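Shown next, in structure tokens, is the structure this report addresses.
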Amino acid sequence: MIEKVNLKERVNSITELFSYLEVGNLNNHMLNVLQAENRTLEFHAHDRSDEMFYCIEGEFDIEFSDGIAHLYEGDFIIIPKGTSHRPICKSLVKCLLIEIDGTLTRENTGGAYGN
């Protein structure tokens, strides 16, 4: 039987910050939830995939070369492939990330992915 997923339950099951938990796969796109706090990643771009951030709980910024997008609970943003960006999480945020399988690496997640 096909199972439903409750994003809040899944993200709340994570016991460590910056730990990615895959909650689904859609047409070769990974759906990962994570919790982050007090972290600013380096600017980076994904050459093969657009990336979507959905803010489940909290708020955070995505900085671009020409400005900053502030996301609140319930907001999402799609970052086109090749666009330089960096997430800035000052307080606890819980989010869903969607991108093509293989897009996340230790280099573009601040060393957190694949631990």
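Just so it is clear, none of the values below were taken in a lab; they were calculated from the coordinates. As the structure is a prediction and not an experimental result, all values here were calculated from the model. Here the Cβ positions follow ideal geometry from the backbone for every residue, glycine too, while neighbour counts run over all protein chains shown.
So I have (i) -0.42, -0.49, -0.56; (ii) -0.51, -0.60, -0.69; (iii) -0.26, -0.32, -0.38, and one of them is log10 I(q)/I(0) by the Debye sum over Cα atoms at q = 0.10, 0.11, 0.12 Å⁻¹ calculated from this model. Which one is it? So the calculated entry is the one marked (iii).
As a test of the formula, what do you get for the chain when each DSSP H run with n ≥ 4 contributes -39,500 (n - 2.57) and the sum is divided by the residue count, at 222 nm and rounded to the nearest 500 deg cm²/dmol?
Numbers: 1 runs with 6 residues, N = 115.
The per-residue figure over the chain is -1000 deg cm²/dmol.
Here is the list for the range 30-103: chymotrypsin sites (Phe, Trp or Tyr not before Pro) lying in DSSP coil, each with at most 14 other C-beta atoms within 10 angstrom of its C-beta, are Phe43.
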